[in-house]
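Single-structure report; data block below.
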Amino acid sequence: MAQDKGKRLSQYVGDYVVFDLETTGIRWQTDEIIEISAIRVQGHQPAAQYSTLVNPQRHIPAGASKVNHITDGMVKDAPLLGEAMDGFLEFIGDSILVGHNIHTFDMKFISQAAMRLYGKEIGNDYIDTLFLARQCLPQLPHHRLLDVAGHFGISTSGAHRALQDCRMNQECYEKLGGMLQARNPKEPEVLCPRCGAGMVRRKGMYGEFYGCSSFPGCRGTRKI
């Protein structure tokens, strides 16, 4: 694993690892990982998978179990975080990572776990399909994974378990990536000076400009 922190990318690639976590809550500083799943994709096709429950050595709150259907009984004999992360990092290698809302959620959890266990950052570059969805599907009122999958007619059965969310998001990424590539295949990518996300052309009062694809979360702009 690389020493330096990975960068968020906004592009369509053929080889990557899509991953997803389930956790005891939404706070990466205090909550724990209870499931890690990943699918390795080669040439745009799923090639291998890694999935394990994780014993958090603490009670799983009822609110979390209601969402992901993972209970204390299910994880009592599961590997501890160190063993699960060892397997996960071996599986992903130096691949580009893909996930939905990973910039503010999943990457925070695995980076915190890697720092705690190994004293290192996660060095893999990554692509957040939430940002791609906002960029490619601005007409949608919401851009949750279920919303994006529903838009493309992708099955959402079994949602909120990590491996199924990986499968769902892999299909979503291929759809979004195709849209991204078809829009401006020869135009070089322009990155937001504030957050590093890809920028898109927009029209304003004074003409065209580049606006951050993660708007309204980021309001970065740049002249054309």
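What length, rounded to one decimal in nm, is gained on full extension from H142 through to F209, with 0.36 nm per residue of separation minus their alpha-carbon distance? The span from H142 to F209 would gain 21.7 nm if fully extended. Shown is the FRET efficiency for R222 and Q42, computed with R0 = 30 Å from the Cβ-Cβ distance and rounded to the nearest 0.05: 0.30. Surface composition of the stretch 72-132: carbon and sulfur make up 51 percent of the accessible area, probe 1.4 Å. Taking 0.36 nm per residue of separation and subtracting the current Cα-Cα distance, fully stretching the chain between K120 and H160 would add 11.6 nm. Note that the stretch 1-61 presents 50 Å² accessible area per residue, ligands and nucleic acids not counted, probe 1.4 Å. Applied to the stretch 9-24, the Karplus parametrisation 6.51 cos²θ - 1.76 cosθ + 1.60 on θ = phi - 60° returns per-residue 3J(HN,Hα) values of 10, 9, 7, 10, 10, x, 10, 6, 10, 8, 9, 8, 10, 10, 9, 7 Hz, with x for Gly and Pro. Amide H to amide H distances under 5 Å link R8 with Y126, where only residues 5 or more positions off or on other chains count and H is placed in the peptide plane.
Here R58 and D86 are evaluated by their C-beta separation; at R0 = 25 Å the FRET efficiency comes out at 0.75.
Report, for the stretch 86-224, the % of DSSP beta bridges that are antiparallel, rounded to 5.
Antiparallel: roughly 75 percent of the beta bridges in the stretch 86-224.
Taking all protein chains as they are arranged and a probe of 1.4 Å, the heavy atoms of R161 leave approximately 70 Å² accessible to solvent. Between helix 162-183 and the chain there is an angle of about 10 degrees, using the helix long axis and the longest principal axis of the Cα atoms.
Would you mind computing Rg(Cα) / (2.2 N^0.38 Å) for the chain, counting N as its residues? Please report the intermediate quantities before stating the final value.
On the way: Rg = 17.9 Å, N = 224, 2.2 N^0.38 = 17.2 Å.
In units of the 2.2 N^0.38 Å rule of thumb, it is 1.04.
The values are calculated or read from the model by the stated rules, or taken from the named source; none is laboratory data. What you see is a predicted model, and the numbers here were worked out from it, not measured in a lab. Glycine also receives a Cβ, built like all others from the backbone with ideal geometry; neighbour counts cover every protein chain displayed. Areas reflect the complete protein model, heavy atoms only, side chains present, ligands, DNA and RNA absent. Shrake-Rupley method; radii C 1.70, N 1.55, O 1.52, S 1.80 Å.
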